[in-house]
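To start, the structure itself, in structure tokens.
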Amino acid sequence: MIRFILFALMVGVFGAAHAQEPPPTNQPADCPTIVRSAITLTNERCQNTDLNQICYGHLVLDVQPRTGLVDFGFKQPGDIVNVVEVQSLRLSALDTATGRWGVVMMQIEANLAQGAVAAPEVQILLFGDAELNDATHFLPGEIMQPANVREQPAETSAVLTSLHTGDSITANGRLADGSWVRLNLAGTNGWVRSDLIRLRGDLESLAIITAEPSPSQDELAQFGPMQAFYFRSGVDDAPCAQAPNSGLLIQTPEGVASISIWMDEVVIQVDATAFIQAQPDGNLIINVLDGQARVSARGDTRTVVSGMQVGVPLDENLAAAGVPGDPAPYDASTVAELPVDLLNRPVEIASPRNQPVGIPIPGTWGFAWDAAALTCPDGTVVPFESTGASSAITVTGETLRWNAARYTQTTTGVYHSSYADDLGNLHQDTLQVIAPDRIVGEKVLDLASRACTLNVGFQLQLINAAGETPVAVE
């Protein structure tokens, strides 16, 4: 299983159900020492944190348990609980006056992007003035007697798997009458009769799943505990030059297919190390330090490569309020002091990528026609099928190569090519680079078999950037 490791760097007031821990007598007096101490102590205390668990690392933490959990054991540094028991985490900004900052470690099972394969653990670091609220409702439990998990809540439905007495389960939904409960099974879902299981918590706190779930229910059902959440952070709030701004770091193992997370109603497929910040009535900002990420919101997707960032507008409730913007260079000062030494693999943080105007990022690009078919003057219908096939684009000087065709730059960001295909049809293509990861095109197609000339538009979208060597930031 892929695993996330989350270090939540904070010190503050614990939940009302727990006593406040007194501050340490050797409280560090300066900002850099506070940061180093918090990280060191959590590494010592949380060595045994396992998959889908969260470790209380340093001083006190404001955390809310899932509804109905009464024996929540998160009281002092070193305590470890299952991540399914946690509904939300709230952190405080680093306060040099009180020495407040801290660390929590969490390891959770990742949601794999389509086509990905299980691999070594993926890490997340959460630090500073930040908050995570799980977007889904789960309850932990166990199987009371052997049970079949079915595709649908009916005895006649196909069996997905069988579970044994004592097996741990995670429930994420129910029928309105409570007779069947839906289980999260490593990114898929199945149903089990409620009389065969025991849940820790109130069954009625689970979402009611109808015969035809809403699109949002369908989307969220693919994510497990703390794989889909609402996230908020401070921005530009580092109290000293040696401390990072508040935010979230995520890193995937090198050479592994991307993992997928749902954050503020934005789906992010990550094959990278990325630094993320979010503000209500502001933006969710994804800065890619190495590798790349695909960011999808409101039906639009943008690809961000190392040295660049992309923003998605958020409303007051931290919900995506628009489509992702164009990728742009990030601010070097934003990423210079990030705690990347905590990550599993070394990070060479890319310098801000100032992509030349009108030059697309070399790599693999997806293609789609703007029309499914056009009609010639004689009534002949000419189909334009978007197969979804991808192809490479490279740029050398003023020449762009796409597939076997060579395009010459006519003006900044505009490329043209004329060629004949195997059937003798004449193609005249114009490409306009509107962003580093996006091209719009127009084809004038002169058919050889009849007196017919057609104009059809198309779109090109970056899927994967060509390999690059990032520049380390000291």
Checklist entry - Is it true that Glu337 is of a type in the set (D, E, K, R), in the same structural domain as Ser246 (by TED's automatic domain parsing) and closer than 21 Å to Ala274 by Cα? => result yes
Checklist outcome for this item: Counting only residues in the stretch 171-212 that are part of a strand (DSSP E or B), among the aliphatic types (A, V, I, L, M) and modelled with pLDDT of 85 or more, the one nearest to Arg150 (Cα to Cα) is identified as Val192
Item to check | Given (1) buried (at least 18 other Cβ atoms within 10 Å of the Cβ); (2) of a type outside the set (Ser, Thr, Tyr); (3) at pLDDT 75 or above, index of the condition Asp95 fails | outcome: (1)
Checklist entry - Being at pLDDT 95 or above and not in a loop (DSSP other than H, G, I, E, B), is that true of even one residue in the stretch 339-353? => result no
Item to check | Residue that is nearest to Arg294 (Cα to Cα) [pool: residues in the stretch 424-455 that are of a type outside the set (Asp, Glu) and outside any strand (DSSP E or B)] | outcome: Pro436
Checklist entry - Among the residues of the stretch 386-398, which ones are closer than 23 Å to Val456 by Cα and either surrounded by fewer than 12 Cβ atoms within 10 Å (Cβ to Cβ) or in contact with a Lys or Arg (Cβ under 9 Å, 6 or more places away or on another chain) (or both)? => result Thr387, Gly388, Ala389, Ala392, Ile393
Checklist entry - Of these, Leu447, Leu431, which one is touching an Asp or Glu at 6+ places or on another chain (Cβ under 9 Å) and surrounded by 14 or more Cβ atoms within 10 Å (Cβ to Cβ)? => result Leu431
Next on the checklist: Every residue in the stretch 274-305 that is in a loop (DSSP other than H, G, I, E, B) and at pLDDT 95 or above, please.
Outcome noted: Gln279, Pro280, Asp281, Gly282
Checklist entry - On the given criteria, is Leu423 surrounded by 14 or more Cβ atoms within 10 Å (Cβ to Cβ) and of a type in the set (A, V, I, L, M, F, W, C)? => result no
Checklist entry - Taking the stretch 17-43 as the search range and keeping residues that are of a type in the set (A, V, I, L, M) and loosely packed, with under 11 Cβ neighbours inside 10 Å, which one is modelled with the highest pLDDT? => result Ala29
Next on the checklist: Please pick out the residue among Gln279, Gln251 that is more than 10 Å from the chain's Cα centre (by Cα) and closer than 15 Å to Phe229 by Cα.
Outcome noted: Gln279
Next on the checklist: Among the residues in the stretch 456-467, are any at pLDDT 95 or above and touching a Leu at 6+ places or on another chain (Cβ under 7 Å)?
Outcome noted: yes
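The values are calculated or read from the model by the stated rules, or taken from the named source; none is laboratory data. Quantities reported herein were computed from a predicted structural model and do not represent experimental measurements. Positions of Cβ are generated from backbone atoms using ideal geometry, with glycine treated the same way; all protein chains shown enter the neighbour counts.
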